[in-house]
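**Q** Attaching a single structure in structure tokens format; questions to follow.
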Amino acid sequence: MTAFPGHLDTDAIRADFPVLARTVRNGNPLIYLDSGATSQKPAAVLDAERQFYERHNAAAHRGTHLLGEEATDVYEGARAKVAAFIGAEPGEVVFTKNATEAINLVAYAMSNATAGGGSPGSGRFRALPGDEVLITEMEHHANLVPWQQLCERTGATLRWLNVTPDGRLALEQLEAMLTGRTKIVAVTHQSNVTGTIPPVAEIARAAHDRGALVLADAAQSVPHQPVDVAALGVDFLAFSSHKMLGPYGIGVLYGRAELLEAMPPFLTGGSMIEVVRLERSTFLPPPQRFEPGVPAVAEAAGLAAAVDYLTGLGMGNVAAHEESLTAHALDTLREINGVRILGPDSTKDRGGAVAFEVQGVHPHDVGQVLDELGIAVRTGHHCAWPLHRALGVQASTRATFYVYNTHAEVDALAEGIRYAQRFFGARQ
Ligand SMILES: Cc1ncc(COP(=O)(O)O)c(C=O)c1O
């Protein structure tokens, strides 16, 4: 693993990822352009999980034996590493199953507070009829459906900011959309379709001025750019390990300490309780209050190794590398007649997700032809159906980039699209 100032040594990086050595359909080398769905994993991450099982496997926070202590150290060590990675305190990092569960945790904690749960300070989480939840039209379903459901449970009203034709947020709507009744603003920190990076810090300031809470969906930002929760000024931040070189089954909810302290739990059971009687129970302080059950320690070990790997590369270098790939993709795909790129046409405030339409060829057909060439992309609405509707398309093909991708792979994608156009007799 090697980083040079401003860019990455992709040859060295690729050697760290065993799967990149394999061939796929028709004996083609794998060109993996689907890291937005899930990233590949370096050997260091696989080794960390294996080593945990081989040397330390025990239930964290339970056993009084040596292995139990070691497992607890591994788990809490991972929490400290993740916290440092996003500029938080360890007690502000709650491990969840993934970003989806992290967002649901806040939404369910809010309806539990509405039903009377939580400490005396939990009033700010209550959502009553007439209260409002503000999201945006570019959200992944994971940051949309939980808020719809919160509104259904509480009688609050869901509102949203629209997107502009080039896939940015219609920020001029923000002032009017924020009212004294806005309880929470939930916004993506990087679109998984258009790569758009909304000005979350600015949105957070405006939301806080009205007394609203702010949650950023960082599933596509934490893996790809330096993220500092203090600089962003958000109250909550959600992301998934599996999109940042780590294992499946573990994700993160960052929450500001004083808010987690006042927030009622979402899931309940063992490991999160203080005193249990048959009639009622009291709960531990955060983060344990939000982590019921035996925790995913091997996954935490893998996530810690992923954080080490990314830190070794330098998140600034990661972002610069992806910006150069994205710029190359925008330039190359723009030159193909009949291809329309969704979202911003420059890399300004835009990450490495490039979704596009090929006129006259259905995205699934584009994806299938690319797959025949060994190029893995995603097709469909990418769990962002309202965004596709807003941009006037049913579905799209999406290429997403990460630390192991190269300019040559972007060229192969462009060639593949041209081949698909010829194959289907589409206008070029
Ligand atoms: C922007 C965004 N938010 C949330 C999610 C949900 O992540 P997970 O499925 O890991 O919970 C995704 C996954 O694609 C995403 O791209």
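The values are calculated or read from the model by the stated rules, or taken from the named source; none is laboratory data. Bear in mind that the values here come from a model prediction, so they are computed numbers and not experimental data. Positions of Cβ are generated from backbone atoms using ideal geometry, with glycine treated the same way; all protein chains shown enter the neighbour counts. In case anyone asks, the SASA skips ligands and DNA or RNA and just uses the protein heavy atoms, side chains included. Shrake-Rupley method; radii C 1.70, N 1.55, O 1.52, S 1.80 Å.
**Q** Starting from the amide H of Thr182, placed 1.01 Å from N in the peptide plane, find each other amide H under 5 Å away whose residue is 5 or more places distant or on another chain.
**A** The answer is Glu132.
**Q** Still on this model: For Val145 and Thr179, FRET efficiency with R0 = 22 Å and r from the beta-carbon atoms, rounded to 0.05?
**A** Calculated transfer efficiency: 0.45.
**Q** With just the Cα atoms defining each centre, how far is the stretch 71-87 from the stretch 149-180? Give it in Å.
**A** Result: 34 Å between the Cα centres.
**Q** Run through the stretch 1-64 and list the trypsin sites (Lys or Arg not before Pro) located in a DSSP loop whose Cβ has at most 10 other Cβ atoms within 10 Å.
**A** Arg22
**Q** Let me ask you something else. Is the shape of the chain best called rounded, prolate or oblate, per the rule: a/c under 1.5 gives rounded, else a/b larger than b/c gives prolate, else oblate, with a ≥ b ≥ c the square roots of the Cα gyration tensor eigenvalues?
**A** The shape class here is oblate.
**Q** Separate question: Using a probe radius of 1.4 Å on heavy atoms only, what accessible surface per residue do you get for the chain? Whole Å² is fine.
**A** Working: 16990 Å² over 428 residues.
Heavy-atom accessible area per residue stands at 40 Å².
**Q** A further question follows. Could you calculate the FRET efficiency of Tyr419 with Leu278 from 1/(1 + (r/R0)^6), where r is the beta carbon distance between them and R0 is 56 Å, rounded to 0.05?
**A** After rounding, the FRET efficiency stands at 0.25.
**Q** At 7 Å along the Cα-to-beta-carbon direction for both Asp345 and Thr38, put a label point, then send me their distance in nm to one decimal.
**A** Rounded to a tenth, the inter-label distance reads 3.7 nm.
**Q** OK, next. At Arg210 and His364, where each label point lies 7 Å from the Cα along Cα→Cβ, what is the point-to-point distance in nanometres?
**A** 4.1 nm
**Q** Taking 30 Å as R0, compute the FRET efficiency from the Cβ-Cβ separation of Tyr53 and Asn28 and round it to 0.05.
**A** Working from the Cβ atoms, E equals 0.35.
**Q** Divide by every residue of the chain the summed helix terms, -39500 (n - 2.57) for each DSSP H run of at least 4, and state the resulting mean residue ellipticity at 222 nm, rounded to the nearest 500 deg cm²/dmol.
**A** Mean residue ellipticity, 222 nm, calculated: -11000 deg cm²/dmol.
**Q** Would you calculate the separation in nanometres between label points at Leu66 and Ala84, each defined as 7 Å from the Cα along the Cα-to-beta-carbon direction?
**A** 2.6 nm
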